[in-house]
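Just below is one structure, and these are the notes that go with it.
The values are calculated or read from the model by the stated rules, or taken from the named source; none is laboratory data. Given the structure is predicted, the values throughout are model-derived calculations rather than measurements. Cβ atoms come from the backbone with ideal geometry, glycine included; neighbour counts cover every protein chain shown. Just so you know, the surface numbers come from the protein's heavy atoms only, side chains and all, with ligands and any DNA or RNA stripped out. Shrake-Rupley method; radii C 1.70, N 1.55, O 1.52, S 1.80 Å.
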Amino acid sequence: MTILRSLLCIFVLGGVAACAPRGVPQIIPLNDAASVTRVYVAALRDRDTGLSSFGADRTTEMAYLHTDISIPPSHVSGEIEWPGRSEPDPLKHFGVIEARRYPAEQSFFERLRQHEAPAVMIFVHGYNVNPAEAVYGMAQMHHDYDQPVLPLAFLWPSAGDPLGYVYDRQSALFARDQLVALINDVHSKTGKPIVILAHSLGSFLTMEAMRQNDFASNRSAADMIGGVFLMSPDLEPDVFEVQIDALDRVPENFVVLAAKKDPALNFSSLITGKRPRVGQITDPEAWAERGVTVIDLSAFRETAGSAHSIAVTSPEAIEFLREYLEEIRPDL
């Protein structure tokens, strides 16, 4: 590991341990004591078949699949129990029971339409994320938050590398059209309302997609999306304001989850000219007049290396936000 990479691991991810070998999907046997979460996946990554074969190369063709993730009975809220170098154990670790690719998008959206969940949550991951981390993360969030939504992970082509920030920003721009198409397809082909959860640089991609949709379509994004949650958004405030103001209408329940101490956003601010990020601004009045609710998560306990993802890694933050979701759920 180079000195530069080591420093980035410490600064961005919060500790040297976070730059241990990255998580990869591993097949795990079905066990009755474990719970199973099916995550639907729309992958805009160069691929062959199966979750493990998706790389960082860009492609304009979407792949559709689902993967059944086993979650151990010993699971701790806010964690993903990776097997590491050991043999995956369904009583201790996350793992993949099955991954199935759909030969045509029609069958994929028909499956979503038939699902009993009343709404679809599209997860737009952030910078430096590989496919396994995005899908396991979606499964962990769905399990811990226990909300009646169908989990759909949008895998845009992140390099999955701490040194790939510039590549990832360009990939976010590259993926705008396909995220717009996915939102429209979910709405028109399933008839279900949509909630978007975007993390970090995925917030930039989400805002660009909604803005582009409203420019190019007669249908406002707000007509399809019942809630938007930007978690630690990696966005400059003035860019965010331009994006918000360009929308035909701001979706209901538009929420920014922010925290003051976020080393990943400090890093982003440093390499982009020391500009603050939206995810660091905790003032509830910052964008209230634009219909945006800011929730400050700074006071919640952080787990090791997780300040940038505190909304999904802190058990206390998860419980707080679950109660918040219970209050606003009828509006989603």
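Here are the numbers for the structure shown:
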read-out: Where P83 falls short, out of the listed (1) in contact with a His (Cβ under 7 Å, 6 or more places away or on another chain); (2) at pLDDT 95 or above; value: (2)
read-out: Residue count for region 235-274, restricted to those that are within 22 Å of A317 (Cβ to Cβ), in a loop (DSSP other than H, G, I, E, B) and of a type in the set (A, V, I, L, M, F, W, C); value: 2
read-out: Subset of region 293-307 that is of a type outside the set (F, W, Y) and at pLDDT 90 or above - its residue that is most open to solvent (accessible area, probe 1.4 Å); value: A299
read-out: The lone exception for P157 - which of (1) assigned to a helix (DSSP H, G or I); (2) in contact (Cβ under 8 Å) with a residue 40 or more places away in the chain; (3) within 17 Å of R22 (Cβ to Cβ) it fails; value: (1)
read-out: Enumeration of residues in region 187-209 that are farther than 20 Å from A311 by Cβ and free of Cβ contacts under 8 Å to residues at least 60 places away in the same chain; value: H187, S188, E208, A209
read-out: Residue in region 110-130 that is closer than 24 Å to A264 by Cβ, assigned to a helix (DSSP H, G or I), of a type outside the set (V, I, T) and open to solvent by less than 50 Å² (accessible area, probe 1.4 Å) present; value: no
read-out: Number of the exception - S314 against (1) open to solvent by less than 60 Å² (accessible area, probe 1.4 Å); (2) under 23 Å from E208 (Cα atoms); value: (2)
read-out: Region 138-154, residues that are assigned to a helix (DSSP H, G or I) and either within 23 Å of F174 (Cα to Cα) or modelled with pLDDT under 95 (or both); value: M138
read-out: Residues (open to solvent by less than 20 Å² (accessible area, probe 1.4 Å) and more than 18 Å from L182 (Cα to Cα)) located in region 132-157; value: A132, Y136, G137, A139, Q140, M141, D144
read-out: Breaking point among (1) under 21 Å from Y167 (Cα atoms); (2) at pLDDT 95 or above, for L7; value: (2)
read-out: Residue list for region 188-219, filter: over 23 Å from V256 (Cβ atoms) and either in a helix (DSSP H, G or I) or of a type in the set (A, V, I, L, M, F, W, C) (or both); value: S188, K189, T190, A216
read-out: Identity of the residue in region 60-101, open to solvent by 10 Å² or more (accessible area, probe 1.4 Å), touching a residue at least 24 places away in the same chain (Cβ under 8 Å) and of a type in the set (S, T, Y), that ends up nearest to A139 (Cα to Cα); value: S77
read-out: Counted residues, region 247-264 - those being open to solvent by 70 Å² or more (accessible area, probe 1.4 Å) and farther than 15 Å from A288 by Cβ; value: 4
read-out: F267, sole failed condition from (1) open to solvent by less than 20 Å² (accessible area, probe 1.4 Å); (2) within 30 Å of E105 (Cβ to Cβ); value: (2)
read-out: Output for region 275-292, where each listed residue is open to solvent by less than 60 Å² (accessible area, probe 1.4 Å) and either among the small types (G, A, S) or not in a helix (DSSP H, G or I) (or both); value: R277, G279, I281, T282, A286, W287, A288, G291, V292
read-out: Candidate set from region 199-246 (those that are touching a Leu at 6+ places or on another chain (Cβ under 9 Å) and among the charged types (D, E, K, R)); member that is least open to solvent (accessible area, probe 1.4 Å); value: D234
